[in-house]
Amino acid sequence: MLVRRAIVPLAIALAVLACAVACHSAEDGASSTTFSGSQLRIIVGFRAGGPYDLHARVLAKYLGSYLPGHPDVIVENMPGAAGAIAVRHLETMTKADGLTIGQFSHTSAADLVASNVLDAFHILGSPGPPAQIVLFSDRSGITTIGAWRHAPKPPRFASSGPSAPAYVAPLVAAAALGLPIQMVSGYANGADIRMAIDAGEIDGVSVSLDAYHTSFQSADLHAVLRFSAAPIPGIDVPDAMSIAGDARARELLETGVYMMAPLVRFYVVPRGTPAARVALLREALEKTWVDPHFLADAQAAGLAIDPVSAAALEQTVATLGARPATLRDLRAILEPH
Amino acid sequence: MVDSLAAAIAGLQQVLTWPTPGYLLAGVLIGFIVGVLPGLGASAALAFLLPAVLTLEPIDAFVLLTATSAVSAMAGDITSILLGVPGESTAAAIVADGHALAMRGEGRYATGAAISASMMGALFGMAVLVAFIPFAPSVLAHVGSPELAALAIVGICLLVPLSHSDPVKGLFSGALGLALATVGLDPFRAEPRFTFSQLSLSDGLGLLPVALGIFAVAEALDMIRSRDLHGGASTDAGRSVMHGMQESMRHAGLVFRCSTIGAVIGSLPGVGASVTQWIAYAHAQTSMRHDTGDDNLPGSGAIEGVIGPASATTATHGGAMVPTLALGIPGGLTSSFLLSAFILKGIAPGPAMLLPASAGGRLPLVFALVWCTVIASAIGALLGLGSLKWVARLASVRPALLFPVILTFVLIGTVAERHATADLGVLLVLGGLGYAMSTLKWPKAPLMLGFVLGPLVERRVLLSNTLYGWSWVLRPTVLVLAAVAIALLLAGRRASRRRGGRAPIAREASASRADVVMSACFAAVGVAGLVLSLSLTGRPSVFPRIAFGATLGLSLLQLVLSWRKAALIQPARQSLAEGSKHLIRLGWFVFFVANAWLFGLVIGTAVSALVYLRLDAKESWRTTAALTTVLAGLTWVLVVQLLQISDRGVF
């Protein structure tokens, strides 16, 4: 009886609330040049708490203030299949109204070209390429490229699987530069890999600069190689491209690692989104990525920011598509054994 | 020593300086609410709170997150016991015995035991954190894939004591759990296994859809069966909360051992409370008293099955903080949020955390987190005991009204874990499986143990083999763990012998023609799994073939045993009528799931509840409309506002 007495007034209150929300929602998307009264959703294809999620959440805090109407921005995690579930959701389940944007990640150039990303999505931009560096443990005895090249047995590298940057970058570098390597896949995540290094069961790993600063910076780990034309403060190691011996090696590195770097984390909206909204979103992202408060939060979170525009990314994807022979070579190099 | 004492006092001062206590209380309340509500977990709450960390003072942010995660596990036990629905994925092991106790009118007793055991586990976990953290870097440096593989195999050996009431069915259930764990992309070459071209299965089956399907759906469907009775689980009769708390004290040895399991195993990255609760549950089976009759069979309401997992789960929290603070390696999902908060606040966890403030370290902060966990757990325990009277009223609501509410939470929990409506399909299949296993009294706990340990066994055994060949089995730690595994197997056999006279009750009840049909169906699953695994090659094929081979072998053995039993028993006349009742119950379950899939959670569950309450439960229009509106509103708040899920059905 007590339960029934409580239910009826509560039901009426909730019904009134639902009507209010329905009326409020009806205004959504009324105009393509304002986001007033709307809620912008960022779909992240990886679990909450990880680096991809962290990036989206810091972005969500500031992005709304650069859009007309100052919408609320929320993050929704849709993890699974290395981000592919989020891609499919955005492709098939999302209204092309500019109120849902996706954070995508691609590591394999061949897979990116095969996915026809430009046919299904408008690229909005990338917060920047988190430079990759190769680290070796103290126990491996490898502190230079020369020592890696002449290692008595191929050093064991760890990765979570073929879609991870930690898998792609070292294998492409080894193929391009003629370095010995044994890739050991199957580790669950960065924490697993870090523990495997500490336990001495693997010798090296390739990590992003973000991950280096947050999880891998240690006196027991030595950087040996970087995949970045720009020098990295505090990490005085050669750039892989600078020691590539011939044009084929340079093209492999460029196509497989350097051009893919900004595509490890980039934002999109589905094709069909009104052009005015695509332009507003691109502009807002570019402004957010140079906002000093955003940059301060990103720095605190150990996130490197070096924005790449939508136009530059679309040009990159088009260039990759024009290199079928190199993509074939890369596919063979990255084939799991 | 003096430094540590000063740091402990400084840490307590930090926690007690306003406004930090306010954030601690907020964390306790949030943790309690998400813990009690089935489907809403600590990880969802922490993801929701993480952006707030950016604007808070560091100590306030850490206290808010720590208090939330510390209390949610404890609060989840209350729902598991009283409603039979895991309040948290880490509170699933407690359902089997805890809810059986509640159904016998011992809800207060079981909840008292769970809360006090949780409290003791939390304190133990914190003691381990303080004592172990200085040695953590050197100890963890000796833990590699071989040691983790051996540990996982020890866990698998616990299937034997867990199955002693009906060894063949128990071991089959464990093998099926291992087989289910192979669904998804293989961890080495990312080859799809048993995904049937469904992207949603590529990351495997989610823990919550499996736990909710196996345990909660059967419980919800049982409510339809008992809708004419007044109340499902009762808390009014039976022993008191105080008796339950005293029971935990009497089982101090079990609490100590299970807390050790939680804290030590939980300190290994990747092995969280979802694993340790089941290992502790299995261990508790070996510790049961043997003088209390059949009520003490696993899953029949043994208090050890409540105390063990409750203490292990909260102790895991302390264990998981060891590598998080000492190495910057998150011990589990919730500690990965704490690590993110540290990073956001510019604090780099590592050995320097353990130095006193005078040496540039952050020892006072470590102690502040310890104090925070202790205080939050104590307040959470008081809150749990204080609110028991109110929460327990839910259990005395007529089952007809409770059924749609429980099923709605089950549906929300299923979708909430990965924001994937495709997981409703997993719930549908496993809910049917769980209901069939419940009805025919096949043990379900071994299935969960196999399911949570399967990925760890496969990953670590094959990694060890890749890195060391077979020489890894001769490493000293592996040999010690092998000895532990043998001891567990012997203990299981001894327990099985001691119970030999009583176990047949379960066997005879289940020795029916339905058992034959069930065994035949499982054998078909085994054959199908083996045939499909033939298309796999190399390492990805090894584990599925072993798991499905064991599933097939054990189901065939059970088929023979059930066939013999069935031949001795006269077929029951009412079996056809009973069968149609089961089908009607399953029909309602399918109806709820289908509507949620077609129309989204908010509209779908409202439509389902409306139809069920009018057509089947024969409630008045007033009650039906009121309850449906409340459910729709609550679902909207949880799904759309809090979890921020895009709630769109197929239409």
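The values are calculated or read from the model by the stated rules, or taken from the named source; none is laboratory data. Keep in mind the model is a prediction, meaning the values are calculated, not measured. Using ideal geometry, Cβ is built from the backbone for each residue, glycine included, and neighbour counts are taken over all protein chains shown. Surface accessibility is based on the protein's heavy atoms, side chains included, excluding ligands, DNA and RNA. Shrake-Rupley method; radii C 1.70, N 1.55, O 1.52, S 1.80 Å.
Couple of notes before you dig in:
- Beta bridge orientation in chain A: antiparallel %, DSSP, nearest 5: 55
- Helical mean residue ellipticity (222 nm; -39500 (n - 2.57) per DSSP H run of 4+; nearest 500) of chain B: -23000 deg cm²/dmol
- Multiplying each eigenvalue of the alpha-carbon gyration tensor of the stretch B:513-651 by 5 and taking the square root yields semi-axes of 40, 27, 10 Å, largest first, rounded to whole angstroms.
- Computed with a 1.4 Å probe on the full set of protein chains, the accessible area for B:HIS142 sits at about 130 Å².
- The largest accessible area among A:LYS61, B:LYS581 belongs to the first residue in B:LYS581, A:LYS61, and the rest follow in falling order (1.4 Å probe, all chains).
- Expressed as a whole percent, the accessible surface of the stretch B:62-145 that belongs to carbon and sulfur atoms is 75, based on a 1.4 Å probe.
- What separates the Cα centres of the stretch B:87-126 and the stretch B:530-552 is a distance of 37 Å.
- Along its first, second and third principal axes, ordered by size, the protein assembly as shown spans 83, 69, 65 Å in Cα coordinates.
- Gyration tensor verdict on the stretch A:199-337 (Cα atoms; rounded if a/c is under 1.5, prolate if a/b is larger than b/c, oblate otherwise): oblate
- Across B:SER173, A:SER115, the residue with the most accessible area heads the list, and the full order at a 1.4 Å probe is A:SER115, B:SER173.
- Counting DSSP beta bridges with both ends in the protein assembly as shown, the antiparallel % (nearest 5): 60
- Average other protein chain Cβ within 10 Å of Cβ, residues B:591-600: 0
- Amide H contacts of A:LEU40 (H built 1.01 Å from N, under 5 Å, at least 5 apart or other chain): A:ASP72, A:VAL73, A:ILE74
- The smallest convex shape that holds all Cα atoms of the stretch A:86-199, its convex hull, gives 137 Å³ per residue.
- Helix axis angle, A:324-334 relative to chain A longest principal axis, alpha carbon, degrees: 80
- The phi-based Karplus calculation (6.51 cos²θ - 1.76 cosθ + 1.60; θ = phi - 60°) puts the 3J(HN,Hα) values of the stretch B:584-591 at 5, 4, 5, x, 5, 4, 4, 4 Hz, whole numbers, x for Gly and Pro.
- Shielding of peptide B:141-152 by partners, expressed as the average count of other chain Cβ atoms within 10 Å per residue Cβ, is 3.
- Against chain A, whose longest principal axis comes from its Cα atoms, helix A:275-288 is set at around 60 degrees.
- Kirkwood radius, chain B, all distinct C-alpha pairs, inverse of mean reciprocal distance: 25.1 Å.
- Based on Cα atoms of the stretch B:56-206, Rg over Rh with Rh as the Kirkwood radius reads 1.03.
- Long-range amide H partners of A:VAL184 with built H, under 5 Å: A:PHE157, A:ALA158, A:SER159
- Counting only DSSP H runs of at least 4 residues, each contributing -39500 (n - 2.57), and dividing by the residue count of chain A, the helix-based mean residue ellipticity at 222 nm comes to -12000 deg cm²/dmol.
- Counting only other chain Cβ atoms within 10 Å of each residue's Cβ, the peptide A:57-67 averages 1.
- Across the stretch B:535-543, computed HN-Hα scalar couplings (Karplus, 6.51 cos²θ - 1.76 cosθ + 1.60, θ = phi - 60°) run 6, 8, 10, x, 4, x, 8, 4, 5 Hz from first to last residue, x flagging Gly and Pro.
- For A:LEU225, the residues whose modelled amide H falls within less than 5 Å of its own, excluding neighbours fewer than 5 places apart on the same chain, are A:VAL134.
- Karplus-derived 3J(HN,Hα), 6.51/-1.76/1.60, for each residue of the stretch A:60-69, Hz, glycine and proline x: 4, 5, 10, 4, x, 6, 9, 10, x, x
- Sequence-separation-based contact order of the stretch A:58-177, relative, with Cα cut under 8 Å and 6+ spacing, percent: 16
- Dividing the mean sequence gap of close Cα pairs (under 8 Å, 6+ apart) by how many residues chain B holds gives a relative contact order of 22 percent.
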